Amino acid sequence: MPIEWAGLGPEMLLRLDRSAAEPLRVQLEREVREAIRSGRLGAGERLPSSRALAAELGISRGLVLECYSQLQAEGFLTSRSGSATRVAANALAPREMPARPLAAPRLAADFRPGVPDLTSFPRRDWSWAIRESCRTATPAHLGYGDPRGAERLRVVLAGYLRRVRGTVADPAQVVVCNGFAQGINLALHSLAARGIWRVAIEDPGDSDYLLICRQLGMEALPVEIDDHGIDVNALASSGARAVILTPTHQFPTGSALAPERRRALIAWANDRGGVIVEDDYDAEFRYDRAPVGALQGLAPDHVVLIGSTSKSLAPALRLGWIASPSVLLESITERKRISDRGSPTLEQLALATLIESGRYDKHLRQMRRVYGTRRDQLVDALSRHAPRIKLHGLAAGFHAVADLAPDADEHAIINQALDRSVGIYGMSSYRPSGRIGPPQLVLGFGNITQAAIEHGIEAIGDLLSRAPQRPQQSLVAKRTAVSAKQA
Ligand SMILES: Cc1ncc(COP(=O)(O)O)c(C=O)c1O
């Protein structure tokens, strides 16, 4: 009988068909992946040792080890040296993930990272720019235009990015898109069309990268980040042909990619024909010096730069841009055309007007001051209410990383803060590999008032001063902390 079934914990059956052309390793990987996706294997659940599973299935132990390490790289499994392999905490595929609440709970203080000050949106300037675009748009502007976007905006963006980010992009190579979210989808689709299916992502990093890669059927390979940015040697040995990076201000650790790593990364791209997708999400906000230039300016043939107005103006605008290498331009443009035939033109013209008029730069200057003040307020509140917390990643952007005591329970603290109507977000939700790291919080201070900072940090200081109880695993699972990316 060629088909064999074997157990993987109580009532779990894996099916291997020895007569099939498909290699046993691929079958095994698929079966374990499916067991996780279907919920038959739950988050945190322990898998049998490679020796035990190999014996039960009558296959070599090496094959099971290969399967475990592949699924670890994909973020389904996690293991620490000397301990059992387990299902990763965030292993669920997007369609099986619990639906995010439509509205975030109302909180007295919310340190959600990644949200700019929504009360500072330049309403007057934007309505002026929209009026201008309605007044000056030609009939042709109101038809189906170039899927890359309005030419005027592409020219303005190419000039702006050259001036402010040091990029080298011809307007013809700029594609306007609906924020970074659409930009990354278009870029990954075009990589897949060129046969690139293995994509490295930062760990810690934006948790959405993993979900987007999986949704497109790509293999996402988490690569560790340290104080100097991504480990380029680990990237080179991962087998990835593309990498998604936040080199200017790593999200969420806040580091900048060190000059020697930038050189090594570009050498990797040259040697392997690798593609770097540069997520240039908040470069405008650097407090101590001018922002580091974009990688794209150093290797325009290897870098797809994606930027957005979500941090500089507001996420609701859904406006972003791609500066594409020429080899990917055609497929990105065609994908954009098929997706939505182009981004809304009147808004594109309004953005061009805002930038050309100097009002965009003025707004950024003002916001740098606002965020700089909030950052000082956060540091001050922590020094008074929770002096043992060490903050880093403060040189840019509007979030910082807070180190908790090494034995602190990140989930418990988040849940206890939530009981006091304070939203805080743990680093573990940004670890796509499921790797267990030191307990840390990612504290956003973009969209929170001084009074709320004071109230929230006082509450956090108070609950940290009472040793938090480590909750049972099941309780943690039930109350999975409010995801940092909730609506
Ligand atoms: C790392 C990172 N990049 C980019 C973005 C911007 O995404 P979008 O332009 O789709 O709003 C975000 C938003 O939260 C982010 O966290």
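Would you tally the residues in region 203-219 being within 14 Å of the ligand (Cβ to nearest atom) and touching a residue at least 60 places away in the same chain (Cβ under 8 Å)? So the answer is 9. Do we find that residue 388 is farther than 20 Å from residue 309 by Cβ and in a loop (DSSP other than H, G, I, E, B) in this structure? So residue 388 passes the test. Within region 342-385, if we keep just the residues that are within 25 Å of the chain's Cα centre (by Cα) and basic (Lys, Arg), the residue that is farthest from residue 460 (Cα to Cα) turns out to be 368.
A single entry from 146, 125, 170 fulfils the requirement of being more than 16 Å from the ligand (Cβ to nearest atom), within 17 Å of residue 334 (Cα to Cα) and at pLDDT 95 or above: 146.
Scanning region 38-83 for residues that are among the β-branched types (Val, Ile, Thr) and either outside the structural domain of residue 28 (by TED's automatic domain parsing) or over 33 Å from the mean Cα position of the chain (by Cα) (or both) yields one hit, 59. Exactly one residue among 209, 160, 144 is under 19 Å from the mean Cα position of the chain (by Cα) and of a type outside the set (A, V, I, L, M), and that residue is 209. Considering each of 315, 291 in turn, give the residue that is within 16 Å of the ligand (Cβ to nearest atom), in the same structural domain as residue 157 (by TED's automatic domain parsing), touching a residue at least 40 places away in the same chain (Cβ under 8 Å) and over 19 Å from the mean Cα position of the chain (by Cα). So the residue among 315, 291 that is within 16 Å of the ligand (Cβ to nearest atom), in the same structural domain as residue 157 (by TED's automatic domain parsing), touching a residue at least 40 places away in the same chain (Cβ under 8 Å) and over 19 Å from the mean Cα position of the chain (by Cα) is 291. Restricting attention to region 107-152, the residues being of a type outside the set (A, V, I, L, M), closer than 12 Å to residue 348 by Cα and either part of a helix (DSSP H, G or I) or touching a Pro at 6+ places or on another chain (Cβ under 7 Å) (or both) number 7.
Within the set 339, 383, the sole residue that is on the phi < 0 side of the Ramachandran plot, assigned by TED's automatic domain parsing to the domain that holds residue 129 and not in a loop (DSSP other than H, G, I, E, B) turns out to be 339.
The values are calculated or read from the model by the stated rules, or taken from the named source; none is laboratory data. Everything numeric here is computed off the predicted structure, so don't read it as measured data. Every residue, glycine among them, receives a Cβ derived from its backbone with ideal geometry; neighbour counts consider all protein chains shown.
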